[in-house]
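Have a look at the structure below, then the notes.
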Amino acid sequence: MSRTNQYWGALTLATAFIWSSTAQAIIVSPTFTYTGQTNVEGTITNVGPDFPAGGTLRSNGSESNAVIAGSGANSPEFIFNNDAISVGEASGLSSTRIVVEITNDETNAQLITWNGLIFAGGTGIIQPFLFNNDCPQNFLDACSIFLAPPASHQATAAMEFGAKFEGVDLFDGSIFVDDTTQTANFNNIALNNLRLAPTNDQYYWWDDTNFTIDLGIFAPGETKTLEFFVAATVSSFGNGGCQFNAQQAFIDCVGAQAGFGDPDSQGGIGQGGGGGGLFLFSTSLPPEVPVPGAVWLFITGLGALAGHRKLGNRNA
């Protein structure tokens with residue numbers, strides 16, 4: 001079983017998107033479920049199936065922390081976002097699964113197109129650096145920058161995402177990073193300008209990624225189902241916690257981060273951030289079915305024959 005299929009039933013990652021119908025011709029009805037967990041030095045906190053209250057769950061103990069963030073609302077147009085980060089002796093996982101029922105509300109057939117934008121993002125291993133004295137340790141993701149990790153560590157970061165239409169895979173992708181392995185695999189989609197950060201060869205970047213997928217022709221009143229999931233898992237180890245250096249600048253432990261929305265927003269040694277993607281649907285009338293040339297020849301022949309008969313009757 002592929003890693004994508006393993007996550008399909010029990011998802012373990014996170015991101016942000018906006019869904020919206022751009023035409024009166026269709027009805028878009030989304031629902032979503034969310035699960036998340038933090039584990040800081042053995043203290044486990046779970047959330048789901050709704051997003052964390054206030055959009056963010058932070059767990060910290062000693063000098064370690066894990067953060068999962070998400071927010072969402074059900075409606076024909078809704079937004080959700082999430083990511084995951086762990087620093088020190090901690091781990092975090094979050095996942096979102098969306099099911100969208102798309103109905104052609106017109107009395108004529110419609111060709112429906114999914115126009116998508118996946119925002120920039122990042123997945124990989126980092127070492128926090130406090131750039132000011134006002135950064136609380138349990139808010140490292142919000143107010144620190146991230147350096148390249150040491151050569152050897154036990155941290156891992158992973159992301160998976162994918163979409164199905166009427167139960168058939170449209171696309172999927174996965175990224176995995178640890179101290180010796182950096183892999184990225186995709187089917188039927190490619191993240192724009194995917195690369196390892198120039199200052200950190202254990203951190204993947206990608207830029208905003210647009211895609212267009214024709215979902216086919218919907219008969220009047222027909223409903224079809226589109227599913228999308230995204231998941232991110234992070235795990236880091238700090239021998240019971242993180243240690244600050246004498247100047248309270250560097251933190252002597254590694255962290256892991258994964259999510260859409262450009263979490264590595266400072267150009268490779270970046271500060272955590274929100275974001276996500278924009279998913280829109282558009283409609284058009286299906287193209288006219290061309291009449292085969294042989295049929296046109298047959299019709300033309302009938303017309304010529306009829307004309308010949310009329311001419312013959314006049315001459316009689």
Out of curiosity, is residue 189 surrounded by 15 or more Cβ atoms within 10 Å (Cβ to Cβ) and assigned to a loop (DSSP other than H, G, I, E, B)? yes
Do the conditions hold for residue 147, that is, is it closer than 23 Å to residue 109 by Cβ, surrounded by 14 or more Cβ atoms within 10 Å (Cβ to Cβ) and in contact (Cβ under 8 Å) with a residue 60 or more places away in the chain? no
Does residue 154 satisfy the criteria of being part of a loop (DSSP other than H, G, I, E, B) and among the polar types (S, T, N, Q)? yes
Can you tell me which condition residue 180 does not meet? The list is (1) without any contact (Cβ under 8 Å) to a residue 40 or more places away in the chain; (2) β-branched (Val, Ile, Thr); (3) buried (at least 20 other Cβ atoms within 10 Å of the Cβ), and all the others hold. (3)
Over segment 210-229, the set of residues buried (at least 20 other Cβ atoms within 10 Å of the Cβ) and either in contact with a Cys (Cβ under 8 Å, 6 or more places away or on another chain) or within 23 Å of residue 174 (Cα to Cα) (or both) is 226, 228, 229
Any chance segment 250-257 includes a residue that's modelled with pLDDT under 90, over 30 Å from residue 40 (Cα atoms) and out of contact with any Lys or Arg (no Cβ under 9 Å at 6 or more places or on another chain)? no
Just the residues that are over 17 Å from the mean Cα position of the chain (by Cα), touching a residue at least 60 places away in the same chain (Cβ under 8 Å) and assigned to a strand (DSSP E or B), please, taken from segment 197-220. 197, 200, 202, 203, 214, 215, 216, 217, 218
Go through segment 33-136 and tell me which strands (runs of 3 or more DSSP E), entirely inside it, have 2 or more residues that are farther than 28 Å from residue 211 by Cβ and modelled with pLDDT of 85 or more. 43-47, 56-61, 64-72, 78-87, 90-104, 121-130
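The values are calculated or read from the model by the stated rules, or taken from the named source; none is laboratory data. Since the model is a prediction, treat every value here as computed from it, not as a measurement. Reconstructed Cβ throughout: ideal geometry from the backbone, glycine too, with neighbour counts over all protein chains shown.
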